[in-house]
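The values are calculated or read from the model by the stated rules, or taken from the named source; none is laboratory data. Predicted, not measured: the structure shown is a model, and the values here were computed from it. Neighbour counts run over all protein chains shown; Cβ positions are idealised from the backbone, glycine included. Please note that ligands, DNA and RNA were not included when accessible areas were found on the heavy atoms of the full protein model with its side chains. Shrake-Rupley method; radii C 1.70, N 1.55, O 1.52, S 1.80 Å.
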Amino acid sequence: MSDVVVIGGGVAGCASALALARRGLSVRVLERNQGEGASWAAAGIIGPQLEAAGDAPLARLCLASRALYAELAASLVEATGIDVGYRQSGALRVAFTAEGRDEIARELAWQREAGLAVEICDGDGVRAHAPALCDEVAGGAWLADEARIDPPSLMRALRIAAERAGVQFSTGATVRRIVVEREHARGAQLEDGTKIEARWTVLAAGSWSSLLEASGLAPSAVRPARGQIVELTPATPVLSQVVYGPGCYLSPRDDGRVLVGATTEFAGYVTAVTSRAVRDLLTAALRLVPALGDAPIGRTWAGLRPHPKDALPILGEGEIANLIFATGHFRNGVLLAPVTAKIVAALIAGEEPPLDLSPFSARRAGIAG
């Protein structure tokens with residue numbers, strides 16, 4: 001019997017497993033197929049300020065996680081030698097009209113009042129940060145503390161670091177149900193009937209979380225939201241910082257690649273890339289940065305992000321003892337990995353979590369089964 005079984009080998013599951021193993025616990029991770037979930041498909045934007053229109057619990061959770069990222073990235077380099085691509089590159093949120101620029105300023109006013117780094121810019125100001133932006137851009141906001149990361153490198157490093165810390169991975173292990181005895185979670189049962197016993201169970205199954213029996217989640221608590229991405233490969237780097245604009249975002253890599261994303265579509269568990277989405281993403285990207293028009297298309301792909309009914313993650317304990325939820329992160333899975341791991345490790349150790357988890361409770365309306 002392991003101390004902990006983690007259901008799900010994505011970024012939340014792997015980061016939690018690593019944090020638990022570093023506390024001396026025996027951990028086993030059950031994953032359907034390596035590289036299948038949203039974590040490997042993400043664009044890697046560490047940007048809690050980009051979309052936070054108000055000082056809400058999710059914004060505070062995301063900011064707390066961003067603050068942990070530099071330490072996590074450094075520890076992964078030390079443990080594995082892998083550069084996960086963490087760069088405090090800054091990010092631009094831009095608009096094509098003066099009205100749009102003013103709307104951005106209004107939405108981000110609370111951040112300036114809270115002491116966060118926010119610089120409202122006119123068109124020339126944003127182009128001073130990113131000269132490749134088109135002349136049509138009328139302004140926006142420069143967010144100097146935002147960052148980016150390379151999710152495939154992050155996932156490789158997390159898995160290797162976890163394995164070296166003693167975590168056991170079972171790939172191809174499709175979980176059917178949570179094993180519950182006397183109102184306590186005791187592990188997981190696989191599709192073939194095999195029971196994996198553990199003193200604690202962590203549910204980090206992403207878009208598949210609501211499919212597990214006896215989890216305490218409503219069948220519709222989490223559903224998959226497809227996000228399609230186009231990778232462009234310009235001959236020389238065009239951007240160094242993240243750009244969040246009308247119709248798309250642009251997430252660059254050190255080697256010059258630019259990821260253009262992403263759609264939000266409720267199409268079930270279908271991961272096909274569609275011509276319409278590719279057209280719309282490219283149209284928006286080329287309007288923002290015309291120089292990308294000559295860039296070859298490298299790859300296209302789609303991931304399934306776990307979307308809870310109220311768009312808030314599901315974190316912490318529910319009605320079943322010894323069951324910890326770490327799911328429903330939607331568009332913020334990579335961003336929230338460090339704080340999720342810290343929360344999971346604290347709860348299993350009997351410590352107070354680093355933040356108030358009541359807004360993210362599995363007991364809230366529409367989430368509990």
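Details
- Summed over region 124-155, residues that are out of contact with any Cys (no Cβ under 8 Å at 6 or more places or on another chain), within 28 Å of residue 71 (Cα to Cα) and part of a helix (DSSP H, G or I) total 4.
- Taking region 134-164 as the range and being within 23 Å of the chain's Cα centre (by Cα) and open to solvent by 30 Å² or more (accessible area, probe 1.4 Å) as the test, the residues that pass are 142, 144, 145, 152, 156, 159, 160, 163.
- If you go through region 41-59 and pick out every residue that is part of a helix (DSSP H, G or I), over 13 Å from residue 118 (Cα atoms) and at pLDDT 95 or above, you end up with 3.
- One residue from 278, 270 being closer than 13 Å to residue 231 by Cα and over 15 Å from the mean Cα position of the chain (by Cα): 278
- Looking only at region 169-196, and only at residues there that are outside any loop (DSSP other than H, G, I, E, B) and hydroxyl-bearing (Ser, Thr, Tyr), the one that is modelled with the lowest pLDDT: 171
- Assessment of region 21-38 against the conditions (of a type in the set (Asp, Glu), assigned to a helix (DSSP H, G or I), open to solvent by 10 Å² or more (accessible area, probe 1.4 Å) and at pLDDT below 95) yields no matching residue.
- Looking across 330, 360, 325, one residue alone is at pLDDT 95 or above and open to solvent by 20 Å² or more (accessible area, probe 1.4 Å). It is 330.
- Test set (1) part of a loop (DSSP other than H, G, I, E, B); (2) over 27 Å from the mean Cα position of the chain (by Cα) - residue 121 fails condition number: (1)
- The residues on offer are 114, 73, and the sole one that is crowded, with 20+ Cβ neighbours inside 10 Å and among the small types (Gly, Ala, Ser) is 73.
- Screening 228, 241 for residues that are touching a helix residue (DSSP H, G or I) at 6+ places or on another chain (Cβ under 6 Å) and modelled with pLDDT of 95 or more leaves exactly one candidate, 228.
- Residue satisfying all of: in region 334-369; within 22 Å of residue 9 (Cβ to Cβ) and without any contact (Cβ under 8 Å) to a residue 40 or more places away in the chain; nearest to the chain's Cα centre (by Cα) among these: 343
- One residue from 84, 11, 4 being closer than 25 Å to residue 254 by Cβ, crowded, with 24+ Cβ neighbours inside 10 Å and modelled with pLDDT of 95 or more: 11
- Condition check for residue 78: in a helix (DSSP H, G or I), open to solvent by 10 Å² or more (accessible area, probe 1.4 Å) and of a type in the set (D, E, K, R): yes
- Selection from region 342-357 of residues that are open to solvent by 10 Å² or more (accessible area, probe 1.4 Å) and among the small types (Gly, Ala, Ser): 349, 350
- Flag for residue 319 being without any contact (Cβ under 8 Å) to a residue 12 or more places away in the chain and surrounded by fewer than 23 Cβ atoms within 10 Å (Cβ to Cβ): no
- Within region 92-110, if we keep just the residues that are out of contact with any helix residue (DSSP H, G or I) (no Cβ under 6 Å at 6 or more places or on another chain) and touching a residue at least 40 places away in the same chain (Cβ under 8 Å), the residue that is surrounded by the most Cβ atoms within 10 Å (Cβ to Cβ) turns out to be 108.
- The requirement of being of a type in the set (Val, Ile, Thr), touching a residue at least 12 places away in the same chain (Cβ under 8 Å) and assigned to a helix (DSSP H, G or I) is fulfilled somewhere in region 266-280, by at least one residue.
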